[in-house]
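Worksheet: the structure to be examined is printed underneath.
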Amino acid sequence: MDLTDDEKKLVQPYLDMKATNGRGWRPVLAVGAAVCLAALAARLFGPWSQARMLFVPTVVVGLLIIEGALDRRRRAKLARILQKYDAALEPDEAEEAPE
C-alpha cells in the first residue's frame, strides 16, 4: 500500500496483529453483563445499605468491561479487513517491481 508515514503509524499495528487476537470477546462481554446484573440484584434485593452506594460504581465497572470486549472485537475486525486488503495488493506491487 502506498501510505504516508502518519498513515503507516496508524495502520501498521493492525497489519501486525494476529487474526486470533480478537477471539474471546464473548466471554468477556458475558462477565461485564454479569457484573451489571449482580449490581442490580444487590441493589434490589440486598439488605445492606452499602449496596445502594456501590450500585453506580459497580455498573460503571461492568459497562467498562463490556466496552473493552466490544472494542477488542472492533479492532480484530478492522485488522482482518486491512490484512485482506494488504494481501490483495501485494501481488500487484510485486508485478510492478521487476520493471
Practice item. Considering (1) surrounded by 13 or more Cβ atoms within 10 Å (Cβ to Cβ); (2) under 15 Å from the mean Cα position of the chain (by Cα); (3) of a type in the set (Val, Ile, Thr), say which one Thr58 fails and leave the rest. Key: (2)
Practice item. Output the qualifying pairs, or none if there are none: Cβ atoms under 9 angstrom, residues six or more apart or on different chains, first residue in segment 31-44 and closer than 18 Å to Glu67 by Cα, second residue among the aromatic types (Phe, Trp, Tyr). Key: Ala39/Phe55
Study note, to complete from the structure: Scanning segment 80-99 for residues that are at pLDDT 80 or above and over 25 Å from Leu29 (Cα atoms) gives Gln83, Lys84, Tyr85, Asp86, Ala87, Ala88
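The values are calculated or read from the model by the stated rules, or taken from the named source; none is laboratory data. This one's a predicted model, so the numbers in the text were calculated from it and none came from an experiment. Cβ atoms come from the backbone with ideal geometry, glycine included; neighbour counts cover every protein chain shown.
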